[in-house]
Amino acid sequence: MIDAGLGPAMFRRRLEGTGVTLNDLRAIVLTHLDADHYRREWGGEALRRGMKIFCHARRRDDVAAGCDDVLEVTRTFYPHRPFEPLPGVRFRAIPLAHDEEGCHGFLIEHADTKVGFATDLGHVPDTLIDRFCDVDIIAIESNYDPDMQLASPRPLFLKNRITGGSGHLSNQQAFDAVRAIFDRCGSNGHALPGHVVLLHRSRQCNCPRLVKTLFEQDPRIGARLVLSEPYDRTDWLRPRNVDPAAGEQLTLSFDARHSLPR
């Protein structure tokens, strides 16, 4: 699981009907430790269930939050160095400029499948464009619409934090990043990603209609677009003719990218 912003009880309910249960969870990989990305009760849950929690090396003590027992299940990673939360599932962390402590995106590889995951970016580093070229799935935040952000009742300091280059990506910034990745794929002769999943949409300062209208300006992206929702889980991303059995989510094939228009 990437991030743990939902408590274990809510997460258990979200899993209902997926074919996966909390007992299947073996590792949690954290992008950063903001409260909407990590809840402290997962430390105790990891201890009880034998899970591992992976975080950046400098945040290890913060994950434990004074509970030395949680240190036993906490593992660390460093930027750009591969690590395996599960055997055969390789992560490579990409540093991102989010607030003072920063954040990390991930290039995830398992067998022949690659996923690029990035949220709470602040801005898009060139490294991310390079690493997300030739992935099967792009999952990236599209947090706010600038006009809605400006008109919102939020305090000025919060608006400045979000829009100042170390907070979140606007819809336009996310669109530009995905389009740059698609262009890089084309120039390098790589197949385009099969899915573009948009994450972390603000309920107060964004609108699904605005997001869809913008991203569908590029038909390559529009044909692959998935808007994640804050209170509803996203369906399995897979070719339509594949129906995964419980527990085999890591063996899914994402060959749908080859049947979509380039």
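Details
- Debye, to nearest 20: dipole size of segment 86-259, +1 on Lys, Arg Cβ, -1 on Asp, Glu Cβ: 260 debye
- Phi angles across segment 223-234 convert, under the Karplus curve 6.51 cos²θ - 1.76 cosθ + 1.60 with θ = phi - 60°, into 3J(HN,Hα) values of 5, 10, 7, 10, 9, 6, 10, x, 10, 9, 6, 8 Hz, Gly and Pro given as x.
- Each residue of segment 172-177 is assigned a 3J(HN,Hα), and the resulting list reads 5, 4, 5, 4, 4, 5 Hz, derived from the Karplus form 6.51 cos²θ - 1.76 cosθ + 1.60 (θ = phi - 60°), x at Gly and Pro.
- Label positions at CYS67 and ARG48, each projected 7 Å from the Cα along the C-beta direction, are separated by 1.0 nm.
- Computed over segment 86-259: relative contact order in percent, which uses C-alpha pairs under 8 Å that are six or more apart: 21 percent
- Distance between modelled label sites at ARG60 and TRP236, nm, 7 Å Cα→Cβ extension: 3.7 nm
- All-pairs Cα distance distribution in segment 25-129, expressed in whole percent, bin size 5 Å: 2, 12, 23, 24, 20, 13, 4, 1, 0
- Computed with the Debye formula from one identical point scatterer per Cα of segment 1-77, without solvent, the log10 of I(q)/I(0) at q = 0.15 Å⁻¹ comes to -0.45.
- In this simple spin-label model, placing a label point 7 Å from the Cα along the Cα-to-Cβ direction at both LEU22 and LEU225 gives a separation of 3.6 nm.
- Fraction in percent of alpha-carbon pairs per bin - 5 Å, segment 86-259: 1, 8, 17, 20, 21, 16, 10, 5, 2, 0
Quick note: the coordinates plus some simple rules give every number you see, no bench work behind them. Because the structure is a prediction, the values reported are computed rather than measured. All Cβ positions, glycine included, derive from the backbone under ideal geometry; neighbour counts span all protein chains shown.
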